[in-house]
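Have a look at the structure below, then the notes.
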Amino acid sequence: MTGLVRGALPNPNEIVLSMELMNAVEEVDTSSGAAAVQAGAPLQKVQERVGQEGYMFPLDLGARGSCTIGGNISTNAGGNRVIRYGMMRDLILGLEVVTADGTVLQSLHKYIKNNTGIDLKQLFIGQRRDSRRGDAGRFAHLPRPYRAASGALRPVLP
């Protein structure tokens, strides 16, 4: 737990579930522009893995080396590029969630278009609750932006 203000300390009748070992980037699909990532994966690991394929994962936080994807989902993180690319909610294509009773809800889609019913993933994004455990997510990643050079021209007068 990375919180310095002790906000993540459990009450006496609660438990803390660590996702530390669920830290794999399972798949980076360049044809669909999606990546499947486990909840405990650090943001920096996701950015580096997607970057190896010539893409970028737009979410960027100062704590990229220690914050996890699951934490970013549960807080609907915004980060340094939020104005251009949106919140974490805007980057999620699908989630796999285990509810408190053990039911697995799977909606790991590779594409934005999905007309198959209620979009349940929206219920779990930004919900800091102990009633569910996010196991994996599928996220959109984007081609790296081209570098642009700018300069000023000064007219030459005779």
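Please give the length that would be gained between residue 76 and residue 115 if that part of the chain were fully extended, namely 0.36 nm times their separation in residues minus their C-alpha to C-alpha distance (nm, one decimal).
Value of the extension gain: 11.7 nm.
Compute the relative contact order of the range 1-94 as a whole-number percentage, counting only Cα pairs closer than 8 Å that sit 6 or more residues apart in sequence.
Once normalised by length, the contact order is 21 percent.
Read-outs: derived from the displayed coordinates by stated rules, not from any lab. For clarity, every value in this text was computed on a predicted model and none was experimentally measured.
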